[in-house]
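So the structure is just underneath, and the comments pick up after that.
The values are calculated or read from the model by the stated rules, or taken from the named source; none is laboratory data. Here the structure is a predicted model, which means the values were calculated and not measured. With ideal geometry, Cβ positions are generated from the backbone for all residues, glycine too; neighbour counts draw on all protein chains shown. Heads up: the accessible areas ignore ligands, DNA and RNA and are worked out on the full protein's heavy atoms, side chains in. Shrake-Rupley method; radii C 1.70, N 1.55, O 1.52, S 1.80 Å.
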Amino acid sequence: MSEHRVELLVSEWCPTCHQAEQVWQRVAGERAIDFAVVDMGQPEGRELARRLRIRSVPATVIDGELAGVGMQSREQALALVPDAPERAASATRHVGLGLATTSRAAIAAAVVYLVLAGAALPAEGWFAGGPAHPAALHLFTLGFLTFFLYGLGEHMLPRFTGHPLPMGVWSWTQQGLAHAGVLAFAAGHLGGWWWLAVAGSALAWAALALFTGRLGRLLVREPITNP
């Protein structure tokens, strides 16, 4: 028996869509279903609503047919896929409206690095040639800009392509490498330890390579379209 394909049609303005998404994300971690969040703001969402004449969200579509409108409890959602076998929580995730924990952590880290880089402004940070200059510059580029892209990238690109993204240990490992790289690179410049700066750059590149590997498949695969 093939997996059920469950599509949750949502919208940014919908007050209960976040809760409905959380319910189905939990069910998708427990049962072998192919789950995707489809946004009414995207062409795929508008086409799905038009084809099935959906007038209200959240709406649950199972195997191409409208199965329910409104928010279901976990028990009600499980009842819609009663023959789906159990499985362990998946390492991949279809990104919907809500930010994953890893995405929140990346964006929070970006804000911290922006504050640290800004704090270097009065201490030879940006405009002078002292050792704080390259340290502050890379707290901004490798810290703020890169982590901001990490957080938004893993949230938005799967949403636009319709394909799941490797999450969990992959994302945390990437962020761990990136943190170590940023801090080692900045400390190496501040202390004049070239070997530490080189090690930091290698760790930062490793994080970028892992990020590219995670997202690369999404960019070369065709977007999912509804029949």
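Scan (1) at pLDDT 90 or above; (2) within 27 Å of Q19 (Cβ to Cβ) for the single condition S103 breaks and write down its number.
(1)
Can you find even one residue in the stretch 137-157 that is buried (at least 17 other Cβ atoms within 10 Å of the Cβ) and at pLDDT below 80?
No, the stretch 137-157 contains no residue that is buried (at least 17 other Cβ atoms within 10 Å of the Cβ) and at pLDDT below 80.
Within the stretch 175-202, how many residues turn out to be open to solvent by 30 Å² or more (accessible area, probe 1.4 Å) and within 21 Å of the chain's Cα centre (by Cα)?
The qualifying residues number 4.
Regarding the stretch 55-72, can at least one residue be identified that is in a helix (DSSP H, G or I), of a type in the set (K, R) and at pLDDT 85 or above? Steps first, answer last, please.
The initial filter retains those residues of the stretch 55-72 that are in a helix (DSSP H, G or I), namely none.
Looking for residues that are in a helix (DSSP H, G or I), of a type in the set (K, R) and at pLDDT 85 or above, one finds none in the stretch 55-72, hence no.
One line per residue, one yes/no per condition, for (1) open to solvent by less than 50 Å² (accessible area, probe 1.4 Å); (2) among the hydroxyl-bearing types (S, T, Y); (3) touching an Asp or Glu at 6+ places or on another chain (Cβ under 6 Å):
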position	(1), (2), (3)
Q19	no, no, no
Q25	yes, no, no
R46	no, no, no
T60	yes, yes, no
E75	no, no, no
